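Let me begin by presenting the structure, written as structure tokens, before commenting on it.
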Amino acid sequence: MTEYRRLRVINDENLHTEIETFTKPEIEENEVLIKVSYSGINYKDALATKANTGVLRDYPMTPGIDLAGKIINTKDDRYTIDDEVLVTGYGLGVKQDGGLSDLQIVPASWVVKLPENLSAQQAMTFGTAGFTAALSVDALEKHGLNKESRVLVTGATGGVGGFALHFLKQIGCKEITALSRKTDQEDYLKGLGATAILSPDELFSEKIRPLNKQLFDFVIDTVGGDTLAQVIPFVHYGGSLALCGNAGGIKLNTTVLPFILRGVNLLGIDSVDASMEQRQKLWHKMANEWALPASFNVQQIELEQVQETADSLLAGKHVGRTIVALGGKI
């Protein structure tokens, strides 16, 4: 009998990860079985490998909030064997076993068929990070973002931030500022689309002012916490911020003044429960006019390297995107 491999987060005497083997599972009505080709390492996946982070409540669990691969069994009329598909969000890797596995069962209602011009590897290079960035840019476009807008992207060397720079470049934005502590990544950030790079020390003063110079029309914030609090006063009258991350903390200490005196908008970005209409629309864009940039920093690893990568991500040392090659024998 063929055995497959998956990463498990186990919480017995102490929380830890290990690789275990399993056999091909059976599916129920309205489910599909996917042979996973690639999954990604996201911030939420990294948190899932640690205790007391609130990501996982049930153990053991296979993390991995995104996956791409091929359907090898289906009990849903919308899909056939050999359909190439991707899944991001919903409860994947959080409420039920996720993408860091050679095979995975998912509800058919979670599945997006891969667009024609997108491979499984490319899909997971984008992964949840790319989809979140796409949702952020799409939300800002609905609030007036255009080629002449001055845009700031925080956490710019991360997956979401890097893709945001690329998407903004693709729609023709002329002033794209990347905010990053990693000053050695200037060439990389400019290659993705940044026209200027600032460190937090260059932008922020020691004391946060409730209102500051109106430097940016729009912001994509991937960090949250104090970084977001310090950015809000710099947003122009009527401008908007797309909030899509909390690596810098979940608390927001600010005043009402930017909102009641400048009409600034905070737009929450949720990639987990985005509609299927949004998913299909934005994955089509990522397969075509927002196609993967050749300059994007992506590393490919095996299951054995997942924990090391997760630790690097949580320590703030990670750049770009890391995908995990999977797929056992059938």
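The values are calculated or read from the model by the stated rules, or taken from the named source; none is laboratory data. As the structure is a computational prediction, the values presented were derived from the model and not from experiment. Cβ coordinates were reconstructed from backbone atoms using ideal geometry, including for glycine residues, and neighbour counts include every protein chain displayed. The area values use the complete protein model at the heavy-atom level, side chains included, leaving out ligands, DNA and RNA. Shrake-Rupley method; radii C 1.70, N 1.55, O 1.52, S 1.80 Å.
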Of residues in region 112-154 being out of contact with any strand residue (DSSP E or B) (no Cβ under 9 Å at 6 or more places or on another chain) and more than 23 Å from C173 (Cβ to Cβ), the one surrounded by the fewest Cβ atoms within 10 Å (Cβ to Cβ): E116
Residue that is nearest to G193 (Cα to Cα) [pool: residues in region 161-182 that are surrounded by 24 or more Cβ atoms within 10 Å (Cβ to Cβ) and among the aliphatic types (A, V, I, L, M)]: L165
Within region 193-243, strands (runs of 3 or more DSSP E) holding 3 or more residues that are among the hydrophobic types (A, V, I, L, M, F, W, C), touching a helix residue (DSSP H, G or I) at 6+ places or on another chain (Cβ under 6 Å) and in contact (Cβ under 8 Å) with a residue 60 or more places away in the chain: 216-221
Residue under evaluation S39, criteria (1) open to solvent by less than 10 Å² (accessible area, probe 1.4 Å); (2) in a loop (DSSP other than H, G, I, E, B); (3) of a type in the set (S, T, N, Q), criterion not met: (2)
Among (1) in a loop (DSSP other than H, G, I, E, B); (2) modelled with pLDDT under 95 - the single one A46 does not satisfy: (1)
Strands (runs of 3 or more DSSP E) contained in region 57-111 and holding at least 3 residues closer than 20 Å to A325 by Cα and either in contact with a Phe, Trp or Tyr (Cβ under 8 Å, 6 or more places away or on another chain) or free of Cβ contacts under 8 Å to residues at least 40 places away in the same chain (or both): 66-74, 84-88
Matching residues, region 10-30, being in contact with a helix residue (DSSP H, G or I) (Cβ under 6 Å, 6 or more places away or on another chain) and open to solvent by less than 80 Å² (accessible area, probe 1.4 Å): T17, I19
Qualifying residue in region 216-232 (condition: buried (at least 24 other Cβ atoms within 10 Å of the Cβ), within 30 Å of I41 (Cα to Cα) and among the acidic types (D, E)): yes
